[in-house]
Amino acid sequence: MKEISMFDVIGPNMIGPSSSHTAGACRIAQIARRIANEKIVSVRFDLYGSFAKTYHGHGTDRALVAGMLGMNPDDERIKDSFTCASKEGLAYSFKEKHDPAFAPNTVIIHMVDQYQQTYTMRGESVGGGEVMINSINGVEVNLSGEYDTLVVKQHDAPGVIARLSSILANYGINIAFMKLYREDKGKVAYTIVEVDEHFDKTLFEELRKDRAIISVSYIPRLEWD
Amino acid sequence: MFKNAKELLELTNTHECNISDIMVLREKEVFNRKEEDIYHRMEKSWNIMKKAAHKPLDQTLDSMGGFLHSEAKDMHTFIESGKSFCGELVDKAVLYALAVSQVNASMGLIVAAPTAGASGVLPGCFVALQETYHYSDEQMIQALYNASAIGYLTMRNANVSGAQGGCQAEVGTASAMAASAIVELMGGTAKQSMHAASHAFMNILGLICDPICGLVEVPCQTRNTIGATNALICAQMAMSGIANVVPLDDMIEVMDQVGRSLPVSLRETAMGGSAKAKHICKGCSSS
């Protein structure tokens, strides 16, 4: 059982009105932004359940755009995030959707970067500002954003995981969770690694040198403070 | 370190200190945090509370859903006119609880305590007490540690979510947190803090969560004022020697059970209570 801190009780410091609909939405989009390595130029948010019904009154829409711009849940610019998005050249849109299979506060984020590459991520706000990422680019995952996370896209070939974990070991990084997913046997696979320590930039360069590794995204843990 | 109110009380006896001190000790031990870091982080939250409490006093501040506009300003004007009749402390507690709720509903910066929906309760009491009785920031921050202990016990052993337990789990918990903290701030004992928290829970027991149009606006804003004033009353009762026959641990369990037995329509779904009153839904058109 996760221990409860006094700052889980008195906190988080956040932009209202709702920890799940505002702060949580912001955090999901913050994570989505970090999945892409390039600048995102357009984004569409598909809203499900309570997100679809009450997104305007809870500022879910503004919080999502704010998160996509890298703002934290306590950033007072969240209310004006639409204006900020226009200034930064981010086009955004929202769609109200329905799918009873998804948790009540679910959003699917479709992103396009400046080179027209597309990314998709599905996340849910689980309460108190905490979130769960369920899918990245069509691959089912389970990420809380509470750990520094590496998303490695690789060719599904023998030895990649061994090399990956030995590089991490060389950097003195302890793996908290590691999961492997693949699209098709022998084609593309994803390794999601959540670790205890913060990453060092040289680590990515080393990982990207590996021929079997197609891309590496880094999602730093989300801090509340 | 402690998992219920009984153990917390024993620790205050063993260490001969207050509930707030035990909560700091726990934070240091469990999370390996330094005392000064804990202080600065809580100081930051306290400053946000004070700022939010004063933000909409002289200006209108429209909520996102369009139900709230100038409640804090209107109350402020009324108090300034000399017509108010509840006494300075209650006047201010109500004023600041209204103000923080309004800041929350208009996408302003607040501290969830324990939730965003109930974020006006603690600042309502605390800012009012500081201004009326001139406590230092250090004393107020110490009192916030006490409040967090009661919130921790409730989160650990019950829940603080309107969807799970109704408003009694949000505003009720905030009120119990504040009641306990006020006792310590006013020089009462740890035991009296727990009685105050029990009173606060018991008084608000069964309160439903029925947000109109599903928004954190009505009745949330005015419910924050009942949370704040209830805390003041319960702290005073406990310090006068009025004990609650139900120990705090049992009271938290009772609150949890009552919450679970509330129909879903009365737990944040906007399918019952005030949300289904006949003549209010006109406001929905603006959202």
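All of the numbers you see were taken from the coordinates with simple rules; none came from a lab. All figures in this text were calculated on a predicted structure; none of them were measured in a lab. Neighbour counts are summed over all protein chains in view; Cβ atoms, including those assigned to glycine, are modelled from backbone coordinates with ideal geometry.
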Leading residue at positive end of dipole, the protein assembly as shown (Cβ point charges), from A:Thr106, B:Leu266, B:Ser45: A:Thr106
³J(HN,Hα), Karplus 6.51/-1.76/1.60, whole Hz, each residue of region A:9-19, x for Gly, Pro: 7, 9, x, x, 6, 8, 7, x, x, 9, 5
Segment A:Phe204-A:Arg44, length gained on full extension (0.36 nm per residue, minus Cα span): 54.7 nm
On Cα atoms only, tilt of B:167-185 relative to the major axis of chain B in degrees: 50 degrees
A:Ile214 long-range amide H proximity, modeled H, under 5 Å: A:Lys153, A:Gln154, A:His155
Student exercise, region B:5-286 dipole from Lys, Arg, Asp, Glu Cβ charges, in Debye to nearest 20: 740 debye
Fully extended contour minus Cα-Cα distance, from A:Arg163 to A:Val126, at 0.36 nm per residue: 9.8 nm
Exposure proxy ranking, count of Cβ atoms within 10 Å, fewest first, for B:Thr189, A:Thr83, B:Thr225: A:Thr83, B:Thr189, B:Thr225
Amide H contacts under 5 Å for A:Val141, placed H, 5+ residues apart: A:Ser135, A:Ile136
Per-selection Kirkwood Rh - region B:1-90 (Cα, Å, 1 d.p.): 17.0 Å
Residues B:Asp137 and B:Ser84, FRET efficiency given R0 of 22 Å [Cβ-Cβ distance, rounded to 0.05]: 0.25
Least to most buried among B:Tyr135, A:Tyr119 (fewest other Cβ within 10 Å first): B:Tyr135, A:Tyr119
Charge dipole magnitude, Cβ of K and R +1, D and E -1 - chain A, Cα centre, debye nearest 20: 720 debye
Other-chain or far-sequence residues with amide H under 5 Å of A:Arg182's (modelled H): A:Tyr190
FRET efficiency estimate (nearest 0.05) - Cβ-Cβ, B:Ala277 to B:Thr77, R0 41 angstrom: 0.90
A:Tyr171-B:Lys191 pseudo-label distance in nm [points 7 Å out on the Cα-to-Cβ vector]: 5.7 nm
Taking N as its residue count, the alpha carbon Rg of region B:154-257 over 2.2 N^0.38 Å: 1.03
Partner aspartates and glutamates for A:Lys39 [C-alpha distance under 15 Å; skip if fewer than 8 residues away on the same chain]: A:Glu88, A:Asp113
Equivalent ellipsoid dimensions for region B:88-227 as semi-axes, Å, which come from the Cα gyration tensor, largest first: 22, 18, 12
Rg to Rh, two decimals, where region A:148-219 supplies the alpha carbon set and Rh follows Kirkwood: 0.93
Order of B:Ser136, A:Ser5 - criterion: other Cβ atoms within 10 Å of each residue's Cβ, fewest first: B:Ser136, A:Ser5
Translational diffusion of the protein assembly as shown, µm² s⁻¹ [Kirkwood Rh, Cα pairs; Stokes-Einstein; 25 °C; 0.890 mPa s]: 103 µm²/s
Calculated Rg and Dmax of region A:1-138 using C-alpha coordinates, Å: 14.2, 45
3J(HN,Hα) from dihedral phi, region A:57-70, Karplus parametrisation 6.51/-1.76/1.60, rounded to Hz, x for glycine, proline: x, 9, x, 4, 4, 5, 5, 5, 5, 4, x, 5, 8, x
Computed E for B:Val245/A:Asp80 - FRET, C-beta separation, R0 41 angstrom, nearest 0.05: 0.20
Extension gain (nm, one decimal) between B:Glu16 and B:Asn32, 0.36 nm per residue minus Cα-Cα: 3.5 nm
Inter-probe distance in nm under a simple model that places probes 7 Å from Cα toward Cβ, at A:Ile214 and A:Val188: 0.3 nm
Per-residue ³J(HN,Hα) for region B:116-124, Karplus 6.51 cos²θ - 1.76 cosθ + 1.60, θ = phi - 60°, Hz, x for Gly and Pro: 5, x, 9, 6, x, 5, 4, x, x
Folded to 0 to 90 degrees: helix A:24-35 orientation relative to chain A principal axis, Cα: 30 degrees
Set of lysines near B:Lys51 by C-alpha distance (under 19 Å), chain-local residues within fewer than 8 positions excluded: A:Lys79, B:Lys73, B:Lys92
